[in-house]
């Protein structure tokens, strides 16, 4: 199975920015694990924004 190169780089950039992990650590993740981290970080960000908005 192949994955879109731009999508992978987007995932890597997103996780590196939010988790401060280096490229090697991110590249060692299986695709499913990387997608799960992206989902989890996105949900944490959404909750943080909602708390900031709601006070």
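Read the figures in this text as sums done on the coordinates, not as results from a lab. If you're wondering where the values come from, they're calculated on a predicted model, not measured in any experiment. Quick reminder, even Gly has a Cβ in these numbers, built from the backbone with ideal geometry, and neighbours come from all protein chains shown.
For this structure, a couple of remarks:
- Taking each DSSP H run with n ≥ 4 as -39500 (n - 2.57) and averaging over every residue of the chain yields -26000 deg cm²/dmol at 222 nm.
- Put a dot 7 Å past the Cα of residue 29, heading toward its Cβ, do the same for residue 8, and the two dots end up 1.4 nm apart.
- The GNM of the chain, with springs linking C-alpha atoms under 10 angstrom apart, assigns the highest mean-square fluctuation among 42, 16, 25 to 25.
- Spin-label model, residue 20 to residue 42: label points 7 Å out along the Cα-to-beta-carbon direction sit 2.5 nm apart.
- Cα Rg over Rh - region 14-55, Kirkwood: 1.10
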